[in-house]
Amino acid sequence: MVDKNCWFSAVCKVVLAYFCGMNTEETVTILRSEYDQIQGQLLELRHQLAQLQRLIFGRKSERFVADSPMAGQPTLFSELAAPVVEAEAEKEKIAYERSKRKGVEKLHVGRNELPGSLPRQEVVIEPEEDITGMVCIGQDVTEELEYTPGKLFVRRYVRPRYARAGGDGVVQGKLPPRPIDKGIPGPHLLAQILSDKYIDHLPLYRQAKRYEREGMRIPDATLGDWMRQSVQLLGVIYEKIKEKVLQSNYLMGDETTIKVLESDKKGSTHLGYYWVYYDPVGKLPVFIYQQGRAAVYPKEHLSSFSGYLQTDGYEAYERLVLERTDIVHFNCWAHARRKFEDALQVDREKAEMVLTLIQKLYTIERQCRDQGLSNDQRLEQRQQQAVPVLEKIKEVLDHFSLTLTPKNPLAVAAAYSLKRWDKLTLYAQNGQLEIDNNPIENAIRPVAVGRKNYLFAGSHESAQRAAVAYTILAACKTANINPLEYLADVLQTLPSRNVNDIDDLLPLNWADKNKAVKVDG
């Protein structure tokens, strides 16, 4: 509902104009000003309502599909709409390209074969009648995929002691290195606890219930202590990955929240932040927990970094690059596109115009990926195809900024992009750079899922331990290795290693080493 005070103010001004003897033209000017103000407020309220409805009922995907154009219907801004006709034709090409890619996939002609790597347990079923004297002429094999739930068991290390002849001391075998000295959990159990918490997002109290069903009661506090010591041991791996990521000459940056129980206010939680940096070349993220979102944090994190930094429009990064000439800062088209997605409910026709052109930029990027182009080839493709589209987008946004009221969501979206225009178009000048920082948002997704399950971290130290775990498990995903196997092996090996001799335990190196072992075997 529009504020009643606006209407009351408009009526008062008309009455005042009448008694002050203003002419008709001056009265119309006053009314026009009031009308524009009310219209701006109405658009803003409609925008807020549309956002709330989408948040509660709408889809979460940002993929844009334009409505089919209405043939023969003129547009309010026909000159600027000219590139949209071309973009609509491109939309048909997009649909064709997507269907073509799907078409090359192998048709599903039946049930998938079970992997040969899985162990087989044979059950031979003989006929019920007597088969004496019969000759076997073949057999039918039916395979069934089965599962044995994980079971707790106790491994006993028995070390006999032997007395040397002549009373010259005692001989006894040495215990293998153990993740937790004098503790009872083995490396595979610790790996399972970490994977359940940070991959499958099972809070510790749920894990404790599951182990209790297996006949072993493990208090939540004990599981937490085991996890703390395990992550502390893995800290050296985390530092190596962090060092490797920050040595890249191209990073994406973003932040996400985490609630922490430690708070100055009784009965509330502290809102902490994971600062995440992603190396798009090595496809490695690093998570760093901080208690706030101040500009001092990226300044500290990136003190040794130099190169390209891609982020959203958060001002902390803007402040950083003002002090650093060795960092080239540029922005993300996904965040710019999001602003126009938000404006669809307010002015669909104009918002669709921009979104259709942005969609064309993404089509060019998809074609580059599908063709496997090198950075130089991708740069050439962008110069030839993307730059003209960017020029058309700039023309449309300039038009919006001159013709729309400042509070119009579409004008806000245009202002956001125009303010950062040089930083949005920089990607078209370098074939190494990406159009958006969606890869880092994908890397952050496990944190968002985890928040819905374990809700908060117990302390600031616990939040940083989660950052260590998320970093290492993301590296396992990049290396395409089983995190359970990796964690169990590394937790077994690390206690006997020197800190300067762990390069082979980094996920990518570990994957190469174990792949070579399997091939040789």
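Each reported figure results from applying straightforward, stated rules to the coordinates on display, with no laboratory input. If you're wondering where the values come from, they're calculated on a predicted model, not measured in any experiment. Cβ sites come from the backbone with ideal geometry, for glycine too, and all protein chains shown count toward neighbours.
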Task: Pairs beyond 24 Å (Cα-Cα), from K244/K299; K259/K339; K392/K419; K240/K299 - done: K259/K339
Open item on the list: Using +1 at the C-beta of Lys and Arg and -1 at the C-beta of Asp and Glu, which of L433, A343, L357 has the Cα lying farthest in the positive direction of the dipole of the stretch 333-436?
Closed with: A343
Task: Among V412, Q384, H399 the positive-end extreme of the charge dipole of the stretch 379-418 (Cβ point charges) - done: V412
Task: Alpha carbon Rg of the stretch 261-328, scaled by the compact-globule rule 2.2 N^0.38 Å - done: 1.31
Task: Given charges at Cβ of Lys, Arg, Asp, Glu: the stretch 106-213 dipole, positive-most of G186, G133, I199 - done: G186
Task: L484 paired with V499, simple spin-label distance in nm, labels 7 Å along Cα-to-beta-carbon - done: 3.3
Open item on the list: Placing unit charges on C-beta atoms (Lys and Arg positive, Asp and Glu negative, everything else neutral), compute the dipole magnitude of the stretch 162-254 about its Cα centre in debye, rounded to 20.
Closed with: 180
Open item on the list: Given points 7 Å out from each Cα along the Cα-Cβ axis, report the N514 to L49 separation in nanometres with one decimal.
Closed with: 5.6
- [ ] If a/c stays under 1.5 just call it rounded; otherwise compare a/b with b/c (prolate if a/b is bigger, oblate if not). Do that for the stretch 333-436, with a ≥ b ≥ c from the square roots of the Cα gyration tensor eigenvalues.
- [x] prolate
Task: Nearest-20 debye value, the stretch 99-249 charge dipole, Cβ charges on Lys, Arg, Asp, Glu - done: 1400
Task: Computed E for Y157/S263 - FRET, C-beta separation, R0 35 angstrom, nearest 0.05 - done: 0.20
TODO: Compute the separation of the alpha-carbon centres of the stretch 279-334 and the stretch 409-430 and state it in Å as a whole number.
DONE: 18
